[in-house]
Structure formats: structure tokens, C-alpha cells
Amino acid sequence: MIYKLNSGDKDSSTSALPKITKIEAQKRKGRYNIYLDGEYAFPVDETILIKHILHKGMEISKTFRQELEIEDGYRKAYTRALVYLNYSLRSIKEVKDDLIAHEFTSETADQVVEQLKEQGYLNDLMYAESYTRTAANVSGKGPYVIKRELKKRGVKDETIEEAMEQYPFDQMVENGVALAEKVMRRSSQHSSRETNNKIRQNLMQKGFQSDVITQVLEEINTEKEVDDEYEALKTQGDKIWRKQTKLTGAKKIQKVKSGLFQKGFSGDLITQYINEKEMEEEEE
């Protein structure tokens, strides 16, 4: 244990030391209030009570009381850390940050972290591997995003690289394909080329690297049937056409053509659409 206490410690300059007159259990399990000479003095954890055999009539020097209070503060920090770890695995940095956020000193937080590491409750490699597997299996995140999140949680680069072995290339491609298919389902009104670009962009944002993206695009078919492509073009073209109410003739046609080119539609289909719109206007 970190603290070396001596329950027989006495202040040599004090002739009559305060005595424990009452030990009262708190409502919180495992916590006790210590009364000296009939007045409340300080709280202690049950482990400290037992360790130092605190009992009624025992004399408590000023130095010994201070040591008990320091040890009790450590015990509260340790208990807080265990509660925090009870919900899920945590990184070393997360545990330390939580303790400091609850107003424990950095020194106490470091001591608690060291004890938890020795006891096997804190292990950044175990944490990083678990985090990587969960992110890959549940959320389908790409490796770059996972690495960034682990780094933010204080995990060292070499530990992150070792943990990434839990995320094989084939699974990255599988997750990438699933994400690409979602994008395709939302892209029925976009051109094949724009759909392809959206998939690429989405995969990059999710943290997939170029070799995975290339493999994903080889495994899916973003090319629409001609009829589907033309239906998508008409949807986009009509939107642009309606927006150009202030333009007429060649200027309006040029604006619509330019907009459809930017959205990735082919020249042949754009020409077909423009011809149909011109015929509609002539009939009107």
C-alpha cells in the first residue's frame, strides 16, 4: 500500500491527545464518521477502519489524523475509479481525467492509475483492441477514424497500431461495401458518376483509406441502367429548369446543360433532355 501509517504516532508536544468517543456508520455503505472528544472529526472508509483497528478510546494525534484523511481521500478516488470502470473499459487517460474532474489531485489520480494497472483493471492495449473490435463490428467505422478516437483517449501510437490488427482488410472492405450500398439507396436521383463520387467521399469521411475504397468500388456496381439514369437526369434537370425562370432561349438552355454536366450526366442524355424540353415549350 502507498501509505505507511503508524497508529501509535503521538505528537510529543501534546500531553492529552484527542480520543475516539464514537464511530458512527454513515448511510453510505462502507463509510464511517469518527468523533473525537464528543465532536464529529472526520470520515473514513471501512477498509481504513479495519486496517488501523480504529476503536473507541483510541488516541489520535494530529499527524496520524492527517495521514488517515490523506489515505481516505485516496480510497475515495480508488472507489470512484472502480465505479467508472464498472460501466465499460476505459483508457488510462479517461480514468485520470475523470478523477481530476471529480476534484482529486493529479498525484492521487496517478497513484490510483498505477494500482489499477498492477491489478489488471487498466490496460491500454486491451482497451484499444476492444474499442477497435466494437467500432468495426457495430458501427462499421473506418480505421483512420478509430485511430483518431483512440489517440484522443490517450492511447499511444504503437499501442494503436497493435490494436488495429483486430480489424483485418477483408472486414474493412465488407464494412465499406455496406456503407456504399446505403449511399446508393439514397442516390436514386443522382447520376452514376455523382453516386460514385458520393460513395468515395463518404468512405473517406468514415476513415477508410484509398486501397479499401478502390476495392469497394470494384465490388459494387454504381452504373445505372440507361432508363434509370435518364429518369434521374430528368428529376435534376426539371429542378434546374424551374430555377431559371428569369432566363429564356439559349441562355436558359446553356445554364441547364452546365448544371447537368456538373452533376455527372452524359452529353447524349443531356441533349435528349434539352430537345424534349424545347419540344414541350413549342407545344405550349
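What the table below lists for this structure:
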{"read-out": "Failed item in (1) assigned by TED's automatic domain parsing to the domain that holds Ile48; (2) at pLDDT 95 or above; (3) surrounded by fewer than 17 Cβ atoms within 10 Å (Cβ to Cβ); (4) within 14 Å of the chain's Cα centre (by Cα), with Asp97 passing the rest", "value": "(4)"}
{"read-out": "Pairs, first closer than 20 Å to Lys22 by Cβ in segment 51-75, second part of a strand (DSSP E or B) and among the small types (Gly, Ala, Ser), C-beta under 8 Å, six or more apart", "value": "Ile60/Ala41; Arg65/Ala41"}
{"read-out": "Leading residue by the ranking (nearest to Leu85 (Cα to Cα)) among those in segment 100-149 that are β-branched (Val, Ile, Thr) and surrounded by fewer than 17 Cβ atoms within 10 Å (Cβ to Cβ)", "value": "Ile100"}
{"read-out": "Residues located in segment 137-155, provided they are modelled with pLDDT under 95 and either out of contact with any helix residue (DSSP H, G or I) (no Cβ under 9 Å at 6 or more places or on another chain) or in a helix (DSSP H, G or I) (or both)", "value": "Asn137, Val138, Ser139"}
{"read-out": "Qualifying residue in segment 240-251 (condition: modelled with pLDDT of 85 or more, surrounded by 14 or more Cβ atoms within 10 Å (Cβ to Cβ) and farther than 30 Å from Ala178 by Cβ)", "value": "yes"}
{"read-out": "Subset of segment 52-71 [buried (at least 17 other Cβ atoms within 10 Å of the Cβ) and under 23 Å from Thr108 (Cα atoms)]", "value": "His52, Phe64, Arg65, Glu67, Leu68, Glu71"}
{"read-out": "Filter result for the condition that a residue is of a type in the set (A, V, I, L, M) and either free of Cβ contacts under 8 Å to residues at least 12 places away in the same chain or surrounded by fewer than 19 Cβ atoms within 10 Å (Cβ to Cβ) (or both), over Met164, Met172", "value": "Met164"}
{"read-out": "Some residue of segment 202-221 being within 19 Å of Asn275 (Cα to Cα) and in contact with a Gly (Cβ under 8 Å, 6 or more places away or on another chain)", "value": "no"}
{"read-out": "Condition met for Ala41 (surrounded by fewer than 17 Cβ atoms within 10 Å (Cβ to Cβ) and more than 34 Å from the chain's Cα centre (by Cα))", "value": "no"}
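The values are calculated or read from the model by the stated rules, or taken from the named source; none is laboratory data. Computed from a predicted structure; not experimentally measured. Because the Cβ atoms are built from the backbone with ideal geometry, glycine has one as well, and the counts that use them run over all protein chains shown.
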